[in-house]
Every structure is written in structure tokens, then in C-alpha cells.
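All remarks here apply to the structure that follows.
The values are calculated or read from the model by the stated rules, or taken from the named source; none is laboratory data. Quantities reported herein were computed from a predicted structural model and do not represent experimental measurements. Here Cβ is always computed from backbone atoms with ideal geometry, including for glycine, and neighbour counts include all displayed protein chains.
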Amino acid sequence: MGRQRVLSGVQPTGSLHLGNWLGAIRNWVELQHRHDAFFCVVDLHAITVPHDPALLARQTRQTAALYLACGIDPQRATVFVQSHVPAHSELCWLLNCITPLNWLERMIQFKEKAHKQGSQTSVGLLDYPVLMAADILLYNADLVPVGDDQKQHLELARNIAQQRLNGQFAAHGETVLNVPEPLIVPEGARVMSLTDGRKKMSKSDPNDNSRINLLDAPELVRKKIKRARTDAVAGLTFDDPERPEADNLLALYALLGVGSRAAAAEECGRMGWGQFKGLLGEVVVDALRPIQQRYGELMADPSTLDGVLRQGRQRAETVAQASLERVRTALGLTPRRQ
Ligand code: AQP
């Protein structure tokens, strides 16, 4: 049996932060050794909310460069930009036509984001999960790494594949496309906001002090950690529901510093906040240093990144086109003659 295929992506909606790295990209680096991995920058998803075109273009390249700087190896994994492979949009349309509207209206993320945007909510935002289904199904992915917030979207992709595409359009005993399984990310990978330990660290939080961006300069990292929200209790502990900030920062120290929760709890259990924050600041700066250095090298030589994205597009297109043809045929669209 060949290696199982994995697909994942990040939206270029802002600057990548510690949460994106520790919750997603760092796991991908492991996955690329054992799986046939496809990692894309999902720029078509990024335009489902209001955006600045010049910024989107910059952040798309920045995100791709950060994948590489964090250790994604283009010799092992296929790295590409979603909109460079038109099959994503085309399959999205085909899936739109076989997906019931009320499946989308139930999506929690849509309800939350639509509530914020009111009358400016776009059709694209409602359609976001169908585009995500297209991304996954195009590559016949076996496994999709998902955090809690994306579980409902993956379930929708599975339902579209199983109940609609395979259920209604496959020849007897066959499948049109593979039904993907979730790959649950390891525990402790959810990084919380520095200004509110009950909210996840997020690119779209308007307060930049709520997150550590992977490209923040060392002085800024130290400053943000010093200013991070604390409580009035001395000593750092895990798992106290009344102390989400202590749990979050100690978890960061465990992940980036000593390597285990037990060692972090042992070392910092009696430390005051001031001493602990100084220590954590240095650990985060040290962890980001090689990423920032590699990122700088990549940005100084645009042709390397262009080459990686060109090669990635070509590989992705070969797989995507074959899946698209299967769906077109199953739905009764006539073949495109060369
Ligand atoms: N705080 C986090 N902790 C752990 N993992 C996280 N991820 C995001 N934030 C955290 C993981 O990063 C991947 C990419 O996420 P995305 O770009 O698709 O959007 P998101 O999950 O909505 O991330 P953000 O930063 O919160 O972006 P905005 O603010 O634009 O919505 C996913 O695998 C996600 O789990």
C-alpha cells in the first residue's frame, strides 16, 4: 500500500503566529516524513471576508515562505497556492450544485462570522465549507489534520463525498472520490491569546499584543510576553480553570522550552510571574530565531520561492485534474476533447 495522503492549509489572512505554528505547521513537518503531503496557502478562503488586495498578495507569499522556514521540505511535500490550481474553484461549483443549502446554514463558523459582518456577509462566506470540501476531495486525501474549530467543516466534506457524490453519482460498488478521515492534532496544541486566556490566539484579533507573530523581532516578543495578562496567584500551574493564562503560558514553556509538561510544572511551580515571563521570553525568542533567519534568506531570493510554488502547482494540478475529470464524468458533463 502507498503512503496515505494528507492535505492541509492556512489562510493568508494575517501574519502567522505561534498558534498556527504549534497547532498546525509543526505537525505538518512530522507528517511530511510518513505521508504523501499536500500543503497549500488557501488564498481563495481568505477573500470570503473583506480584504486588502495588496496585503493579500504579500501575505500569500509570506505564508508560503513561512511554511518552508518552519521546516516544510518541498522535496517531500507539495507546497502550492490554492488559487494557482483552478480545479479548486471548478470542483467547488460542481459540489455547490449537489450540496443542500441547509447543510451550510447550520455551520457554526458561518453563523459567528456572518453575525459580525451583518448585511456585508458574502455568498463566499456561506460557501467556505464547500470550497474546503473541494480542496480535500480534489486530492483524494485520506487524512485531514483538524483542530476543534474545523471538525464540523470536515464532517460536511465527508457527507458531501459519501452521501451526495458517491451515494448519488457513483456506478454500483464504486466511489467517485475518497471519503477523508480527520487526523486529530495532539493535545496541548491550542495556543490561547496573550490578552485573554479563554480565547484562542488568532490572526484576526485586532490587538496585536494578543499574539506572538512568527516574524516579531526579539524585543517585541519579550515585550508582548511581559505585558501578557496575569493573575494575582504566585506560581505557575496547569489545568486550573480559574487560571487560563497560567495554563497557556506554562504550556508554551513546556512545548518550546523543557519539552514536557511535568518538567515545566516542576521547574516553574513556585516561580513568580516576573521571573517566569523573563524565562519564557528567551525560550520563545530562541525558538523563533532559526525560522526568522531562514525566512529572511528566502525573501532575499524570490526565485527559490517562485520555483517551489511552480513545482508545487504542477504536481497539485496533475492530481487535481484527474479527480475533477472523475467528478465531471460522474455528473454527466461531456468530456473536454483536446
Ligand atoms: N491559537 C491556535 N492554536 C492552535 N492552532 C491554531 N490554528 C489557528 N489558530 C490556532 C491552526 O492554524 C491552522 C490555520 O488556521 P486558518 O488560517 O485556516 O484559520 P484559523 O484557524 O481561523 O486561524 P486564525 O489565526 O484564527 O485565523 P483568522 O483569525 O484569520 O480566522 C489551522 O489548522 C488551525 O487549527
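Taking region 16-75 only, how many residues are farther than 14 Å from V308 by Cα and of a type in the set (V, I, T)? Before the answer, list the steps.
Here is the first cut: in region 16-75, the residues farther than 14 Å from V308 by Cα are 16-37, 42-59, 70.
Remaining after also requiring of a type in the set (V, I, T): 25, 29, 42, 47-49.
Within region 16-75, residues that are farther than 14 Å from V308 by Cα and of a type in the set (V, I, T) number 6.
Which residue out of L250, L255, L236, L215 is assigned to a loop (DSSP other than H, G, I, E, B), among the hydrophobic types (A, V, I, L, M, F, W, C), within 16 Å of the ligand (Cβ to nearest atom) and surrounded by 12 or more Cβ atoms within 10 Å (Cβ to Cβ)? Talk me through it step by step, then tell me what you get.
Details: L250 fails: assigned to a loop (DSSP other than H, G, I, E, B); L255 fails: assigned to a loop (DSSP other than H, G, I, E, B); L236 fails: within 16 Å of the ligand (Cβ to nearest atom).
Sole residue among the options that is assigned to a loop (DSSP other than H, G, I, E, B), among the hydrophobic types (A, V, I, L, M, F, W, C), within 16 Å of the ligand (Cβ to nearest atom) and surrounded by 12 or more Cβ atoms within 10 Å (Cβ to Cβ): L215.
Do we find a residue being closer than 30 Å to L177 by Cα, within 23 Å of the chain's Cα centre (by Cα) and crowded, with 19+ Cβ neighbours inside 10 Å anywhere in region 300-308?
Yes, region 300-308 contains at least one residue that is closer than 30 Å to L177 by Cα, within 23 Å of the chain's Cα centre (by Cα) and crowded, with 19+ Cβ neighbours inside 10 Å.
State the number of residues belonging to region 168-207 that are away from the ligand (no atom under 11 Å from the Cβ) and of a type in the set (G, A, S).
4
Suppose the filter is within 21 Å of V6 (Cβ to Cβ), away from the ligand (no atom under 16 Å from the Cβ), among the polar types (S, T, N, Q) and within 17 Å of the chain's Cα centre (by Cα); does T78 pass it?
On the way: within 21 Å of V6 (Cβ to Cβ): yes; away from the ligand (no atom under 16 Å from the Cβ): yes; among the polar types (S, T, N, Q): yes; within 17 Å of the chain's Cα centre (by Cα): yes.
The answer is yes for T78.
Is it the case that region 234-245 has a residue that's of a type in the set (A, V, I, L, M, F, W, C), under 29 Å from L66 (Cα atoms) and touching a helix residue (DSSP H, G or I) at 6+ places or on another chain (Cβ under 7 Å)? Can you show your working first?
Taking region 234-245 as the starting set, the residues that turn out to be of a type in the set (A, V, I, L, M, F, W, C) are 234, 236, 238.
From what's left, under 29 Å from L66 (Cα atoms): none.
No, region 234-245 has no match at all.
Would you mind finding the one in L165, L143, L154 that is touching a residue at least 60 places away in the same chain (Cβ under 8 Å) and within 14 Å of the ligand (Cβ to nearest atom)? Let's see the steps before the verdict.
Details: L165 fails: within 14 Å of the ligand (Cβ to nearest atom); L154 fails: touching a residue at least 60 places away in the same chain (Cβ under 8 Å).
After applying the criteria, what remains is L143.
Which residues, counting only those in region 48-65, are part of a loop (DSSP other than H, G, I, E, B), surrounded by fewer than 18 Cβ atoms within 10 Å (Cβ to Cβ) and within 13 Å of the ligand (Cβ to nearest atom)?
Looking only at region 48-65, we keep the residues that are part of a loop (DSSP other than H, G, I, E, B), and these are 48-52.
Filter once more, so that each one left must be surrounded by fewer than 18 Cβ atoms within 10 Å (Cβ to Cβ): 50-52.
P50, H51 - these are the residues of region 48-65 that are part of a loop (DSSP other than H, G, I, E, B), surrounded by fewer than 18 Cβ atoms within 10 Å (Cβ to Cβ) and within 13 Å of the ligand (Cβ to nearest atom).
Check S122, S83 and return the single one that is surrounded by 14 or more Cβ atoms within 10 Å (Cβ to Cβ), more than 28 Å from V176 (Cα to Cα) and either touching a residue at least 24 places away in the same chain (Cβ under 8 Å) or not hydrophobic (A, V, I, L, M, F, W, C) (or both). Walk me through it before giving the result.
Working: S83 fails: more than 28 Å from V176 (Cα to Cα).
Result: S122 is the single residue among S122, S83 that is surrounded by 14 or more Cβ atoms within 10 Å (Cβ to Cβ), more than 28 Å from V176 (Cα to Cα) and either touching a residue at least 24 places away in the same chain (Cβ under 8 Å) or not hydrophobic (A, V, I, L, M, F, W, C) (or both).
I'd like to check something: does region 44-56 contain any residue that is under 19 Å from L137 (Cβ atoms), modelled with pLDDT of 95 or more and not β-branched (V, I, T)? I'd like the intermediate steps shown before the answer.
Filtering region 44-56 down to residues under 19 Å from L137 (Cβ atoms) leaves 44-45, 48.
Among the residues that remain, those that are also modelled with pLDDT of 95 or more are: 44-45, 48.
Of the ones still in play, those that are also not β-branched (V, I, T) are 44-45.
Checking region 44-56: at least one residue is under 19 Å from L137 (Cβ atoms), modelled with pLDDT of 95 or more and not β-branched (V, I, T).
Scan (1) buried (at least 19 other Cβ atoms within 10 Å of the Cβ); (2) more than 11 Å from the ligand (Cβ to nearest atom); (3) not in a strand (DSSP E or B) for the single condition G19 breaks and write down its number.
G19 satisfies every listed condition except (2).
Answer yes or no as to whether V29 is within 16 Å of the ligand (Cβ to nearest atom) and not in a helix (DSSP H, G or I).
Values: within 16 Å of the ligand (Cβ to nearest atom): yes; not in a helix (DSSP H, G or I): no.
Here the answer is no, as V29 does not meet what is asked.
I'd like the full set of residues that are out of contact with any Pro (no Cβ under 7 Å at 6 or more places or on another chain) and either near the ligand (Cβ under 8 Å from one of its atoms) or part of a helix (DSSP H, G or I) (or both), limited to region 1-11.
G9, V10, Q11 - these are the residues of region 1-11 that are out of contact with any Pro (no Cβ under 7 Å at 6 or more places or on another chain) and either near the ligand (Cβ under 8 Å from one of its atoms) or part of a helix (DSSP H, G or I) (or both).
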